[in-house]
Amino acid sequence: MSDSAKRSILAGLRWTSLRLRLVVVFALVALTAAVSASGIAYWLNREAVLTRTQDTALGDFRRQMQNQAAALPLQPTGIDLQDGAEQMASSGPGYHVLLVDSHDGKPIVGSSDIDAFTKLDVPASLQRQVNKKQPLTSSNTHEYHLFWQRTTIGGTPYLVAGTKIIGGGPAGYMLKSLDQERQDLNSLAWSLGIATALALVGSALLAQGAATTVLRPVQRLGDAARKLGEGKLDTRLVVSGTDELADLSRTFNKTASSLEKKVADMTAREESSRRFVADMSHELRTPLTAITAVAEVLEDEADSLDPMIAPAVHLVVSETRRLNDLVENLMEVTRFDAGTARLVLDTVDVADMVTACIDARAWLDAVDLDAERGMMVRLDPRRLDVILANLIGNALKHGGSPVRVAVRADDDELVVEVRDHGPGIPEDVLPHVFDRFYKASASRPRSEGSGLGLSIAMENAHIHGGDITASNSPDGDGAVFVLRLPRDEERPTGVPGDEDPDRNEKGSAK
């Protein structure tokens, strides 16, 4: 599976992904619309079905009461009521009939089906309404009315209705089962539920399709932006269409082209500048070698020269050496910038290396060394010497003696700590101590150092895979520089055969 496909799957699974949010929003909208439509449709159909069944049954029951029950004798017997109820039920649209009358204060009941419909099945409230004589008014011309009620008996819904014959006669009650209507409504509810589920699935698929249509160009744009960030400045998008995403792709292509051109121009200028510095440094080495030789001769003869000329000779010698150090440092910086600096690894005793570095520069009396012999590390001895010379020389110059150098092993790292007892480093200077040509005071642009020493030390630490940090002592007594180098033997930049033309670089302090 490709990386882009994996990223697409992972993006689809994240709760914060646009794809998932589109699917959820589409699904919620579809679910809300479907549930609302289904609920309204179910309610309307339920009322229509129940009202139609109810009106049909009540209308037929009213006619039966007018035709059949009203034709019964004024003092009907139980048999008369039984026959009348059966006739009414057989003529009605599937309901049971119960006729109730009284004779000498005793109730007489006739039912079309005594097992299916008895007086106990009629709610007491309905019986009271049926038997209650209504007062006659201009708006009410009948003493008795037809009343109905929906009830549930044994878990089955029923329609119960009742009325009484006006002018004397039995009260009649009807029991109509609504189970078929309930089944029809349940089937409708299932159908609407299935339709809602299908609408939900369809909305999810539609959202997925819409998200894919929208997000695929966005994903391509994201991949292109990542490639552009990785340095592939020739990355371009294929533009098709005239929508907003196509405009965005065209804008990206224009931006990438402009960025590529600017980076190419900057690279060309940087390369030209680097080549100029390298060429200038190489060209300066030949006359500097001759000038240095002459300066050394003049220095040897300075004591025999005119006292008015001797200070000038000493100044020329000092500036010649400073210029020579500057040229060497510029050449080293150029090699770092060009990426041609290489490591020549060797397994060395770090304590011996530090001692040799201090002894070679006659710093033994000014440096307090704390290092145990036998700590073997694989590194480039020359570059370590450059780092140590810059750190210790910088501490002696700005902090004064004594300078403490402590060497220890910390897990898989070699740690060299250089601490002085000077005034420390100002807080506004600390972030810039490793910058090239940085001067802590603008009023003192000239110093004995080249301004490149600490930056070269940092570059040498980086090429080893290490780092250097600068800080002030917690007790406020001096500055502390800490060099950390990995102790393992595998270094990505270290290859045999250092091609640096100069193998005798001096360390300088910034």
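Things to note:
- Counted over the chain, the DSSP beta bridges are approximately 90% antiparallel.
- Size of electric dipole in the chain: Cβ of Lys, Arg +1 and of Asp, Glu -1, about Cα centre, debye, nearest 20: 3860 debye
- Note on the chain: dipole from Cβ charges, positive end direction compared against Leu315, Val214, Ser258; the farthest Cα belongs to Val214.
- Relative contact order (percent, whole number), the chain, Cα cutoff 8 Å, 6+ residue spacing: 10 percent
- Ala48 sits among other residues whose Cβ lies under 15 Å from its own Cβ, and their net charge, with Lys and Arg +1 and Asp and Glu -1, is -1.
- For Gly424, the amide hydrogen comes within under 5 Å of the amide hydrogens of Gly478, Ala479, counting only partners 5 or more places away or on other chains and with H modelled in the peptide plane.
- Summarising the label geometry, the points placed 7 Å from Cα in the beta-carbon direction at Arg21 and Glu260 lie 3.3 nm from one another.
- Accessible surface, per residue, of region 310-458 when the full set of protein chains is kept, probe 1.4 Å, Å²: 47 Å²
- Per the Debye formula on identical point scatterers at the alpha carbon atoms of region 231-353, with no solvent, log10 I(q)/I(0) at q = 0.10, 0.13, 0.14, 0.19 Å⁻¹ is -0.63, -0.80, -0.85, -1.03.
- Shown is the FRET efficiency for Glu230 and Thr469, computed with R0 = 25 Å from the Cβ-Cβ distance and rounded to the nearest 0.05: 0.30.
- Centroid-to-centroid separation of region 103-168 and region 36-87 [C-alpha atoms, Å]: 12 Å
- Each residue of region 403-420 is assigned a 3J(HN,Hα), and the resulting list reads 9, 9, 10, 10, 10, 8, 9, 10, 6, 9, 10, 9, 10, 10, 10, 10, 10, 10 Hz, derived from the Karplus form 6.51 cos²θ - 1.76 cosθ + 1.60 (θ = phi - 60°), x at Gly and Pro.
- Cα-only Debye scattering, the chain: base-10 log of I(q)/I(0) at q = 0.07, 0.12, 0.13 Å⁻¹: -0.67, -1.10, -1.19
- Helix 310-338 and the long axis of the chain differ in direction by around 30°, with both axes built from C-alpha atoms.
- Working from Cα pairs under 8 Å separated by at least six residues, relative contact order for region 99-201 is 21 percent.
- Theoretical gain in end-to-end length, His462 to His314 [0.36 nm per residue, Cα-Cα removed]: 49.5 nm
- To the nearest ten degrees, helix 179-229 and the longest principal axis of the Cα atoms of the chain are 10 degrees apart.
- FRET efficiency for the Arg182 to Thr213 pair, using the beta carbon distance and R₀ = 45 Å, is estimated at 0.45.
- Once the 1.4 Å probe is applied to the protein heavy atoms, region 135-229 comes out at 54 Å² accessible per residue.
- Phi-based couplings in Hz for region 119-129 (Karplus 6.51, -1.76, 1.60; Gly and Pro marked x): 5, 5, 7, 8, x, 4, 5, 5, 4, 5, 5
- Taking label points 7 Å from Cα along the Cα-to-Cβ direction, Leu364 and Ala302 give a separation of 2.6 nm.
- Angle of helix 244-300 to the longest C-alpha principal axis of the chain, folded into 0 to 90 degrees and rounded to 10: 20°.
- Shown for region 14-138: the carbon plus sulfur share of the solvent-accessible area, taken with all protein chains present and a 1.4 angstrom probe, equals 59%.
- Summary of packing: across the peptides 340-346, 470-476, 117-123, 395-401, the per-residue average of other C-beta atoms within 10 Å ranks them, highest first, as 395-401, 340-346, 117-123, 470-476.
- Computed FRET value (nearest 0.05) for Thr152 with Arg275, which takes r as the C-beta separation and R₀ as 56 Å: 0.05
- In the chain, the sites counted are GluC sites (Glu not before Pro) in DSSP loop states with at most 12 other Cβ atoms within 10 Å, and the longest stretch holding none of them, exclusive of the sites, is 1-229.
- Region 239-358 - percent of accessible surface contributed by carbon and sulfur, probe 1.4 Å: 60 percent
The values are calculated or read from the model by the stated rules, or taken from the named source; none is laboratory data. Computed from a predicted structure; not experimentally measured. Every residue, glycine among them, receives a Cβ derived from its backbone with ideal geometry; neighbour counts consider all protein chains shown. Heads up: the accessible areas ignore ligands, DNA and RNA and are worked out on the full protein's heavy atoms, side chains in. Shrake-Rupley method; radii C 1.70, N 1.55, O 1.52, S 1.80 Å.
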